[in-house]
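Written below as structure tokens is the structure these notes are about.
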Amino acid sequence: MTRLDRLDALPFTREHRKLLFGSGVGWALDAMDVGLFSFVIVALSQQWNLQSGEQGIIASIGFLGMALGASVGGLLADRFGRRQVFAITLLIFGIATGASALVWSVGALIALRFIVGLGLGAELPVASTLVSEFAPPRIRGRIIVLLEAFWAVGWIAAAVIGYFVVKAGDDGWRWALLIGAVPAIYAAVIRFGMPESVRFLQSRGKNLQAENTVRRFERSAGIDAPELTELPATEDVAEEAAVVEPAVPARARLAALFAPVRRGQTIALWTVWFCVNFSYYGAFVWIPTLLVNSGFSLIQSFTYTLIITLAQLPGYAASAYLVEKWGRNRTLAVFLIGSAIAATLFGLATVEWQIIGAGMLLSFFNLGAWGALYAITPELYPTALRGTGAGWAAGFGRIASIIAPLIVPTLAKTAGLPTVFIVLATAFVIAAVAAFQLHDRRGQSIDDFDDAREDAAAPAA
């Protein structure tokens, strides 16, 4: 049995749980930053008399950073390792978020939000890649959806901070951003406490480190596996050590994403990422502001947003169950269709109970879709391309998250809220159609790639 076979055969152990929680806390802190800013921008708009164009630029510049961060972060993760990049990205966005609390001008805030975006954008695809490469194949999708569920924890924390801190006074938004600097401290924990991907280590010929990492997980499962100071000269180990993948240039890795065997999958995946980002950030970044502009008070707006955010948790729970029951692509498509229906209902809502009810449905389906999307993305690429494939899909999607915050305020003012949410619902439908084209690797090893078979199994366009 090879080293990777031994890793995949393990049950879900304490070490898996530590990795999931450690990555999940970083994920939650990312969400807290994005969520906090949706509350901060409401307060800033009132204090600094921001116009809708300025609001859109401040919101979008962070997503421009996220697009670049995701693309570069994925390339770096395939070159230098998942854990290293994960820790550095947390450090970058934590420090920049804390510094944002001290700004006195729109220009300085825009510059720092761009830096925050660089860290945020790189962290998410790298974290999901790292956890995917450790998770047991039979529950890998469920594990990644649970990782994505930490996003809801971060958004709920942001809503609580927004309610109790942002509205507490003129400097409330500054204190909220200082709280967002916590990732800078957590980065050290990530760097020294988490394992590097066995698959990455082995691809670089670091077989002793890879072997000791597998043994660490085996000991957690009750298997007697002492650490080694040198590898035994067994036939299996010698065979694995001989297979060392050279560091592939970034340009070649990008070209490989669009090789004939993967082109259809990459295009479909990028389509889903683009449309889901457009609709999610078009709605959730602006919900507090849209509610205030519709006549609700700041306190009412923050209260409704907190209630709507709570519905994310059951959405993730349902998705975590269904990705292993129905499969990744089917679950993703169904939740996207549900998101389209919920977005339409939210745009047509006129009274409080309709707004809250439709908003909760949108949270439920949209965040459940995000969980399935993060589950399926790393599974579509082999180890040498996994970080690059996940990072560039996320990076392309972030282009939509730049566009949406710029369009939504203007569209809401000129055409009204119903039109805004019908546009968002249309994007969800397009994403659902593309999701059905993605391969479902439920229960398979994440290394189980055969280019000839993949080409033959590709769905017809």
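I'd like the residue in the range 305-319 that is within 15 Å of residue 159 (Cβ to Cβ) and buried (at least 20 other Cβ atoms within 10 Å of the Cβ) and, out of all such residues, is modelled with the lowest pLDDT. Before you say what the answer is, go through the steps one by one.
Applying the first criterion (within 15 Å of residue 159 (Cβ to Cβ)) to the range 305-319 yields 305-313.
From the residues that got through so far, the ones that are buried (at least 20 other Cβ atoms within 10 Å of the Cβ) too are 305, 308-309, 311-312.
On the way: 305: 75, 308: 85, 309: 81, 311: 90, 312: 88.
Only one residue fits best here, namely 305.
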**Prompt:** Within the set of pairs 6 or more residues apart or between chains, which connect a residue that is more than 15 Å from residue 410 (Cβ to Cβ) and of a type outside the set (S, T, N, Q) inside the range 281-295 to a residue that is open to solvent by 40 Å² or more (accessible area, probe 1.4 Å) and at pLDDT 70 or above with Cβ atoms less than 8 Å apart?
**Reply:** 291/300
**Request:** For residues that are of a type outside the set (A, V, I, L, M, F, W, C) and outside any helix (DSSP H, G or I), scanning just the range 6-62, find the one that is farthest from residue 210 (Cα to Cα).
**Result:** 49
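From the list 143, 110, 161, which one is under 16 Å from residue 32 (Cα atoms) and out of contact with any Phe, Trp or Tyr (no Cβ under 7 Å at 6 or more places or on another chain)?
Values: 143 fails: under 16 Å from residue 32 (Cα atoms); 110 fails: under 16 Å from residue 32 (Cα atoms).
The conditions single out 161.
Scanning for something free of Cβ contacts under 8 Å to residues at least 24 places away in the same chain and either assigned to a loop (DSSP other than H, G, I, E, B) or closer than 27 Å to residue 315 by Cβ (or both), does the range 146-166 turn up at least one residue?
Taking the range 146-166 as the starting set, the residues that turn out to be free of Cβ contacts under 8 Å to residues at least 24 places away in the same chain are 164-165.
Still in the running and either assigned to a loop (DSSP other than H, G, I, E, B) or closer than 27 Å to residue 315 by Cβ (or both): 164-165.
Within the range 146-166, one or more residues are free of Cβ contacts under 8 Å to residues at least 24 places away in the same chain and either assigned to a loop (DSSP other than H, G, I, E, B) or closer than 27 Å to residue 315 by Cβ (or both).
Would you mind finding the one in 152, 176 that is open to solvent by less than 40 Å² (accessible area, probe 1.4 Å), within 16 Å of residue 116 (Cα to Cα) and aliphatic (A, V, I, L, M)?
Of the residues listed, the single one that is open to solvent by less than 40 Å² (accessible area, probe 1.4 Å), within 16 Å of residue 116 (Cα to Cα) and aliphatic (A, V, I, L, M) is 176.
Hey, among the residues in the range 68-81 that are in contact (Cβ under 8 Å) with a residue 24 or more places away in the chain and open to solvent by 10 Å² or more (accessible area, probe 1.4 Å), which one's nearest to residue 209 (Cα to Cα)?
Filtering the range 68-81 for residues in contact (Cβ under 8 Å) with a residue 24 or more places away in the chain gives 68-79, 81.
From what is left, the residues that are open to solvent by 10 Å² or more (accessible area, probe 1.4 Å) are 68, 71-72, 75-76, 79.
Details: 68: 31, 71: 28, 72: 26, 75: 22, 76: 20, 79: 17 Å.
Of everything passing the filter in the range 68-81, 79 is nearest to residue 209 (Cα to Cα).
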**Message:** Being open to solvent by less than 10 Å² (accessible area, probe 1.4 Å) and either farther than 21 Å from residue 66 by Cβ or not basic (Lys, Arg) (or both) is true for just one of 405, 409. Which residue is that?
**Reply:** 405
**Complete:** Checked against (1) more than 22 Å from residue 313 (Cα to Cα); (2) assigned to a helix (DSSP H, G or I); (3) open to solvent by 10 Å² or more (accessible area, probe 1.4 Å), residue 187 satisfies every condition except (3)
**Asked** Which one of these is open to solvent by 30 Å² or more (accessible area, probe 1.4 Å), without any contact (Cβ under 8 Å) to a residue 24 or more places away in the chain and within 24 Å of residue 398 (Cα to Cα): 84, 51?
**Response** 51
**Item:** Where a residue in the range 203-231 is in contact (Cβ under 8 Å) with a residue 24 or more places away in the chain and more than 11 Å from residue 7 (Cα to Cα) and its partner, wherever it lies, is among the hydroxyl-bearing types (Ser, Thr, Tyr) and buried (at least 16 other Cβ atoms within 10 Å of the Cβ), with Cβ under 7 Å and at least six apart
**Value:** 203/383; 220/13
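Quick check on this structure: which one of 291, 322 is part of a helix (DSSP H, G or I), modelled with pLDDT under 95 and either over 25 Å from residue 63 (Cβ atoms) or not charged (D, E, K, R) (or both)?
On the way: 322 fails: modelled with pLDDT under 95.
The conditions single out 291.
The values are calculated or read from the model by the stated rules, or taken from the named source; none is laboratory data. Please read all numbers here as calculations on a predicted model, not as lab measurements. Backbone-built Cβ (ideal geometry, glycine too); neighbour counts: all protein chains shown. These accessible areas exclude ligands, DNA and RNA; they are computed on the full protein's heavy atoms, side chains included. Shrake-Rupley method; radii C 1.70, N 1.55, O 1.52, S 1.80 Å.
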